[in-house]
1. To the nearest 0.05, what FRET efficiency results for N138 and K40 with a Förster distance of 30 Å applied to their C-beta separation?
2. Considering amide H positions built from the backbone, and no H for Pro or chain starts, which residues 5 or more places from C107, or on another chain, come under 5 Å of its amide H?
3. Take peptides 58-69, 39-50, 128-139 and line them up by average Cβ neighbours within 10 Å, highest first, as a rough protection proxy.
4. What figure in square angstrom, to the nearest 10, would you give for the accessible area of R71 with a 1.4 Å probe?
5. Quick one: 3J(HN,Hα) in Hz for region 59-68, Karplus 6.51/-1.76/1.60 with θ = phi - 60°, rounded, Gly and Pro as x.
Amino acid sequence: MPVKCCFYRSQTTEAMTWSENMDTLLANQAGLDAFRTFLKSEFSEENVEFWLACEDFKKTKNAEKIASKARMIYSEFIEADAPKEINIDFSTRDLISKNIAEPTLKCFDEAQKLIYSLMAKDSFPRFLKSEVYKKLVNSQQVPNHKKWLPFL
């Protein structure tokens with residue numbers, strides 16, 4: 001029985017820890033899922049999708065895959081009228097456009113920093129005030145005895 005109690009306590013505080021900083025939120029799969037749900041409701045999920053694509057891209061080892069992933073990220077998020085075009089300044093977009101022919105693992109770093117900063121200053125604070133987040137925190141604070149103690 002004590003194991004269930006401790007498990008419940010860790011679940012109770014999980015959503016609350018996401019408010020510490022955006023890194024904590026993005027590192028937690030449930031937090032990331034909740035943040036994506038919130039961003040979708042605001043029609044701005046392209047920011048976190050771009051950030052995640054860059055994180056995946058930076059782990060790429062194979063040179064051919066680097067080139068193909070870079071082209072995919074460019075066509076999906078960077079080029080003008082891309083399906084999920086992110087909001088970055090002209091000089092950053094122009095630099096990426098010039099370097100995309102011979103991409104490196106750092107070719108999206110500046111754009112990724114800009115998008116991270118935008119999410120941290122704008123989307124993240126709104127997420128913490130959103131109904132999506134409040135419902136998660138409140139639902140985890142009220143114990144569901146039937147779920148944890150089915151014999152009661």
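The values are calculated or read from the model by the stated rules, or taken from the named source; none is laboratory data. On a predicted model such as this, the values are computed, not experimentally measured, just so you know. Glycine gets a Cβ as well: all are built from the backbone with ideal geometry, and neighbour counts include every protein chain shown. Each accessible area value is taken on the protein alone, full model and side chains, heavy atoms only, with ligands, DNA and RNA left out. Shrake-Rupley method; radii C 1.70, N 1.55, O 1.52, S 1.80 Å.
1. Details: r = 21 Å, r/R0 = 0.70.
Using R0 = 30 Å, I get an efficiency of 0.90.
2. Correct list: empty.
3. Working: 58-69: 12.4, 39-50: 17.2, 128-139: 14.4.
Ranked by mean Cβ neighbours within 10 Å, highest first: 39-50, 128-139, 58-69.
4. Accessible area of R71: about 140 Å².
5. Along region 59-68, the couplings run 8, 6, 9, 6, 4, 5, 5, 4, 5, 5 Hz.
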